[in-house]
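One structure is given below, encoded as structure tokens.
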């Protein structure tokens, strides 16, 4: 069974069972595949170098839109322009954090530096955003409904299973953030 992250002499440490590592690895892979941009074969190399993507559009998948939101609520043109200038680097940063977390899963001992902990926190947050969207969490009542699912033996359908996974990743991220705060207090 997973143990909460803790800050100590070795840094921020945690423990995940092999099945929990595989679950997280699968979630990470799923979110990475959502975020990987499709490359246009005739893309301008200079635009790619500076991170411009003039062909980008608002995602139609609500979970992907949650990861890559519009920046201006009532200004589609302004949001599109901002998206063209920033989305490529935002995707790359998110994918980088997810890959860093995946590499951490390959180590026998889960001991994180401050930078690794930051990347893990980012990765867990993106996983949770996708799960929250898939579970249709819109308000506190929806969150309470999902949080009420705590027993793995009660997982009877996809929604209840996703709720349990969401609760697990929430707990994991919360313990990680608390450990990061404890490390800052001790400096």
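When a footprinting reagent is the concern and you count Cβ atoms within 10 Å, what order do 186, 118 take, fewest first?
186, 118
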(request) Compute the long axis of helix 158-185 from its Cα atoms, compare it with the longest principal axis of the Cα atoms of the chain, and write down the angle in degrees, 0 to 90, nearest 10. (result) 80
(request) On a C-alpha basis, how far is the centre of segment 137-163 from the centre of segment 68-98 in Å? Whole number, if you could? (result) 30
(message) I'd like the orientation of helix 76-105 relative to the chain: the angle between its Cα long axis and the longest Cα principal axis, in ° from 0 to 90, rounded to 10.
(response) 30
(request) Compute the distance in nm between two label points, each set 7 Å from the Cα along the Cα-to-Cβ direction, one at residue 171 and one at residue 155. (result) 1.2
(message) For the chain, what does the helix formula give at 222 nm: sum of -39500 (n - 2.57) over DSSP H segments with n ≥ 4, over the residue count, nearest 500 deg cm²/dmol?
(response) -21000 deg cm²/dmol
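Neighbouring Cβ atoms within 10 Å as the yardstick, rank 168, 82, 5 fewest first. List each step's numbers first, then the result.
Details: 168 17, 82 14, 5 24.
Exposure proxy ranking, most exposed first: 82, 168, 5.
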(message) For the chain, take the longest principal axis of its alpha carbons; what is the angle in degrees between that and the long axis of helix 114-134, to the nearest 10 within 0 to 90?
(response) 80
(request) Report the label-to-label distance for residue 75 and residue 148 in nanometres (one decimal), using points 7 Å from each Cα along the Cα→Cβ vector. (result) 4.2
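Could you grab the relative contact order for segment 93-167? Cα pairs under 8 Å, six or more apart, rounded to a whole percent. All intermediate terms of the calculation are to be shown ahead of the outcome.
Details: 45 pairs, mean separation 19.4, N = 75.
After rounding, I find 26 percent.
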(message) With a cut-off of 8 Å between alpha carbons and a minimum separation of six or more residues, what is the relative contact order of segment 3-185 in percent?
(response) 31
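Only the coordinates and a few stated rules stand behind these numbers; no lab work does. Owing to the predicted nature of the structure, the values given are computational and were not obtained by experimental measurement. All Cβ positions, glycine included, derive from the backbone under ideal geometry; neighbour counts span all protein chains shown.
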